[in-house]
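For reference, the structure is listed below as structure tokens.
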Amino acid sequence: MDLTLHIPEGHKALAVVGPAERNLKMIREALGVTVSARHGTLRITGEQPEVVIARNVMERLVRRAGADAPPSRQLLPQQV
């Protein structure tokens, strides 16, 4: 399954993907999906159940970034 989401740009994008894309790396490792972010677009590829979980996590991160409440390091592993 292949899914594309729109993510904020600028400092809010950093809140979503994490420094050095750390959040994306944790999602890749935990779920075995491919995740990439480019120019306000996030692409998730993999098996449907894992892609759906990754999408849900990323949507929560986008909402938190919109509220200027980026996740802590402890929060993201709990969401995955």
* **Top-ranked residue of the stretch 30-47 - restricted to ones that are under 18 Å from residue 63 (Cβ atoms) and among the hydrophobic types (A, V, I, L, M, F, W, C), ranked as surrounded by the most Cβ atoms within 10 Å (Cβ to Cβ)** => 44
* Structure fact -> Of the residues in the stretch 30-49, those that are assigned to a loop (DSSP other than H, G, I, E, B) and at pLDDT 95 or above come to 32, 33, 46, 47
* Scan the stretch 1-41 for residues that are touching a helix residue (DSSP H, G or I) at 6+ places or on another chain (Cβ under 8 Å) and within 16 Å of residue 66 (Cα to Cα) and report the count. => 10
* To do: Give the number of residues within the stretch 27-50 that are out of contact with any Asp or Glu (no Cβ under 8 Å at 6 or more places or on another chain), more than 19 Å from residue 10 (Cβ to Cβ) and of a type in the set (A, V, I, L, M, F, W, C).
  => 3
* **the stretch 1-29, residues that are in contact with a Leu (Cβ under 9 Å, 6 or more places away or on another chain) and either in a helix (DSSP H, G or I) or over 20 Å from residue 63 (Cβ atoms) (or both)** => 15, 16, 17, 22, 23, 24, 26, 27
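The values are calculated or read from the model by the stated rules, or taken from the named source; none is laboratory data. Just so it is clear, the model here is predicted, and its values are computed rather than measured. In this analysis, Cβ positions are derived from the backbone assuming ideal geometry, glycine residues included, and neighbour counts consider all displayed protein chains.
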